[in-house]
Structures are given as structure tokens and as C-alpha cells.
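First the structure, in the form of C-alpha cells, and then the observations on it.
The values are calculated or read from the model by the stated rules, or taken from the named source; none is laboratory data. Source: prediction; values computed, not measured. Cβ atoms come from the backbone with ideal geometry, glycine included; neighbour counts cover every protein chain shown. All accessible areas refer to the heavy atoms of the entire protein, side chains included, with ligands and DNA or RNA removed. Shrake-Rupley method; radii C 1.70, N 1.55, O 1.52, S 1.80 Å.
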Amino acid sequence: TATGKIHVEVVARQLSRPWGIAFLPDGTTLVTERDGRLRAIRDGKLDPVAVAGLPPLNPSGIGGLYDIVLDPNFAANHFLYMSYVKPSDEDHDQTTLAVMRATWDGSATLKDVKDIFVADAWYGAQPWPTRCCGQGPATGSWGGRILFGRDGKLYITSGDRNYGEMVQKPGNDFGKIMRINPDGSIPRDNPFVGKAGWKPEIWSTGHRNPLGLTINLVDGTMWETEFGPRGGDELNLIEKGKNYGWIDVTQGFHYNGEEAKGIKNVPGMTDPVLAFGPPSLNPGNPAFYSGAMFPAWQGNLLLPSFTKGVLRFAMKDGKPSGEPEYLLEDLKQRLRDAHVAPDGSVYILTDETAGAVLRITAGG
């Protein structure tokens, strides 16, 4: 790299589309597989037996098991949280995004599993409504990234389900970022609490398929990545109560050639800090580097992608500056997630049917 050699090793392989990762205090690493399995890596070895106890989920299309985060007080309460695609009891195709909480003591099975949040975004059963813009099937665009903020609240990204007409309506959870307490209750200081017609869990709106969410530890700002249609992939600075435009505003191109109502600088809408494509970058879950292993990367934004490897941006005045450096592009893998481990190494998940957990350390 521009700052010196790096070493990339495979920690675990033959995972089915690994999606989220969490580092436990005892050194165990947990990884979700989108198909619906939770896997444990101990002492550098992948346990061949998945952790049991997950609720019923629907892995159709790009649905399934998504992100995993630990409770800020995990060492004491052993709570972990996972997002997933939840089917209805009446029709397996009628689905929504949900977040469950469970306790895990390192054994073979999760305990005390329960949903703490079920999005008001049920959709998918036939017949599908007539929709504009050449949008895709109902088995896509769920979002599903979860994150604990510095405020101790749980943030949840929800996609538009390829039903973008629903996003600008305030009375549902399509295309929103939500903010809840760890027990599932609604914080009283959410921006739309008590506002007629608005879901009280909404923190921001106007999102298409938000698949990345992270905190810049330098200044506490929250950043999100999302897939646009053809092009129009975004890196957004997320702020309380803002509207990020979708489906009315996009710098991408609708699949059927229909023109967007707006491109940028639309009153009442917040434009992305960066927009990519076409061709699409397909950005994954980013991380801001903080650690001792790569001093030259301190504060840099590491943005994994499906098409261009990992983009490393320097930050200036709180925003990405200049052209990025492209890392791991020659692997030609779809990179889903980036996380900085407690030791300062960087873990990358590859979104492949034979996916892998990669670890980047300083090279000789």
C-alpha cells in the first residue's frame, strides 16, 4: 500500500455469504452467514457446528440473517443482537426486517431469544403492487445493518424493499434508519416522537438500501452507505431527522430509464457526501480506523465494496478527502464488511457463496 506493506490471511473459509462480525471479550469471534447460521471462531479455528437457537427466517433472494452486535454491557449481561428477515406466520413470502436479542454464554445454543423490534414494513406476498421505475423483486433491499451509538441507543437500517414509493411516507419503516433503546422501547428524544403521522422510531428517512453504518470515533459522527439504482451509490453523513431523498432524489438512474424527480440540491433533501457510479461501486459496511497497528491509517475511512476492493480515504475537516487508495482490488471478491479488531488488525468479510473472513495486519 502507499503507507507500507500489509499481510492478508484467511481466518475462515467456505462460509455462505458472511454478513456481520462481532469480537467477544474472551477472544471468540462470531460471524453471521446470510443463509441463516451463526458461526464461532475460537483460537483461529472455525467451529464446524453452527450456534443453534435462531428464530425462523426467510433467506430468499438476498434475505436472511444479517448483522450482529454486542450489547455495550456484554461482559455483564451476555446480550447480543442480530437483524434478520422475518416471515409472517400466514405467508412465508410476506416478510419484514426484525432485530432479535439473545444471551450467549459460549455454549452450543442461544438462550432467551426474542424480537425487540419488528419493522412496520411487511411486504412480499403476491400479487405485488404496480411500482414505478423498473424496481426489482420484493426479495431485495432490506437494509439490515445495526449499530450501537455513543448514546447507548441501537440504530437499525431498513431498506425500501424495492417498493420505493413507500419511503417518503412517514407512517412506515420502509427506507428509514430507526433508533430504539436496547429493550426495544422508543427514546423520547427521537425527532418524530409525538408528531402526527410519523413512526416514533424513525431517526432519518429517504434511504434505498442502507447496508453500512458506522461511527467516526474522532468526532462521533455517524456515516451510512447505501446502494443506489444504476449508479447513485452513496456515502451519507447521518443526522437527526434528515431526509436523504429516495425515491424522489437520486444521482443514479432508474432501471427503466425513467428520470428521477431530482438529482441534487433539492430543498428539504440532504445530498450524499460522496456518490459513486455508474458503474455501481456497491459499497459495504465501512469502518474508521483506530488502532496501533497502522499508525498512518489513523482516522482513515475504510470502505469495502463489491467492485473496487477496499477504498481507503484520508479525512479532512471531517469528510473524505481526495482520491482513495484501492486495497485488495486484485482479489476480485465482493467485500461486504470491514471491522477494526481490538488488536488493531482489520477484518474483511467476502460476500461470496464460498465466502471468507480475511484479516489484514502490518507486513514485513
Query - One residue from Thr109, Thr103 being closer than 27 Å to Ala341 by Cα and touching a His at 6+ places or on another chain (Cβ under 8 Å) - result: Thr103
Query raised in the report: Out of all the residues in the range 320-329, is one or more within 30 Å of Asp26 (Cβ to Cβ) and open to solvent by 40 Å² or more (accessible area, probe 1.4 Å)?
Result: no
Query raised in the report: Quick check: anything in the range 192-202 farther than 27 Å from Leu80 by Cα, open to solvent by less than 40 Å² (accessible area, probe 1.4 Å) and in contact with a Gly (Cβ under 9 Å, 6 or more places away or on another chain)?
Result: yes
Requested in this report: Just give me the residues in the range 99-110 being open to solvent by less than 50 Å² (accessible area, probe 1.4 Å) and either more than 29 Å from Gly140 (Cα to Cα) or of a type outside the set (Gly, Ala, Ser) (or both), in sequence order.
Outcome: Val99, Met100, Arg101, Thr103, Trp104, Gly106, Ser107, Leu110
Query raised in the report: Among the strands (runs of 3 or more DSSP E) contained in the range 181-268, which hold 1 or more residues that are of a type in the set (A, V, I, L, M) and either under 24 Å from Asp317 (Cβ atoms) or outside the structural domain of Gln135 (by the TED database) (or both)?
Result: 209-215, 222-227, 233-238
Requested in this report: Only residues that are touching a Gly at 6+ places or on another chain (Cβ under 7 Å) and hydroxyl-bearing (Ser, Thr, Tyr): list them for the range 307-364, please.
Outcome: Tyr326
Query raised in the report: Applying the selection to the range 35-66, what residues are at positive phi and open to solvent by less than 20 Å² (accessible area, probe 1.4 Å)?
Result: Gly64
Report task. From Thr1, Thr32, grab the single residue that is touching a residue at least 24 places away in the same chain (Cβ under 8 Å) and buried (at least 17 other Cβ atoms within 10 Å of the Cβ). Result -> Thr32
Report summary line: Only unsatisfied item for Pro286, checking (1) in contact with a Ser or Thr (Cβ under 6 Å, 6 or more places away or on another chain); (2) open to solvent by 10 Å² or more (accessible area, probe 1.4 Å); (3) of a type outside the set (A, V, I, L, M, F, W, C), is (2)
Report task. Kindly establish whether Gly206 is open to solvent by less than 50 Å² (accessible area, probe 1.4 Å), on the phi > 0 side of the Ramachandran plot and in contact with a His (Cβ under 7 Å, 6 or more places away or on another chain). Result -> no
Query raised in the report: Within the range 102-116, is even one residue outside any strand (DSSP E or B), under 22 Å from the mean Cα position of the chain (by Cα) and under 16 Å from Leu24 (Cβ atoms)?
Result: no
Query raised in the report: Which one is nearest to Leu281 (Cα to Cα), of the residues in the range 196-247 that are touching a residue at least 40 places away in the same chain (Cβ under 8 Å) and of a type in the set (Phe, Trp, Tyr)?
Result: Phe227
Query raised in the report: Is it the case that Ser83 is open to solvent by less than 50 Å² (accessible area, probe 1.4 Å), out of contact with any Pro (no Cβ under 8 Å at 6 or more places or on another chain), among the hydroxyl-bearing types (Ser, Thr, Tyr) and part of a loop (DSSP other than H, G, I, E, B)?
Result: no
Report summary line: Exception for Gly144 within (1) in a loop (DSSP other than H, G, I, E, B); (2) touching a residue at least 40 places away in the same chain (Cβ under 8 Å); (3) among the small types (Gly, Ala, Ser) falls at (1)
Query raised in the report: Within the bounds of the range 165-176, is there any residue that is in contact with a Leu (Cβ under 7 Å, 6 or more places away or on another chain), under 30 Å from Ile348 (Cβ atoms), modelled with pLDDT of 95 or more and not in a loop (DSSP other than H, G, I, E, B)?
Result: no
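Condition check ((1) assigned by the TED database to the domain that holds Pro304; (2) in contact (Cβ under 8 Å) with a residue 12 or more places away in the chain; (3) open to solvent by 30 Å² or more (accessible area, probe 1.4 Å)) across all residues:
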residue: Val10; (1), (2), (3): yes, yes, yes
residue: Gly27; (1), (2), (3): no, yes, yes
residue: Leu97; (1), (2), (3): no, yes, no
residue: Asp112; (1), (2), (3): no, no, yes
Query - In the range 125-183, the residues that are surrounded by fewer than 15 Cβ atoms within 10 Å (Cβ to Cβ) and basic (Lys, Arg) - result: Arg150, Lys169
Query raised in the report: Is it the case that some residue within the range 321-335 is out of contact with any strand residue (DSSP E or B) (no Cβ under 9 Å at 6 or more places or on another chain), assigned by the TED database to the domain that holds Val8, free of Cβ contacts under 8 Å to residues at least 40 places away in the same chain and on the phi < 0 side of the Ramachandran plot?
Result: yes
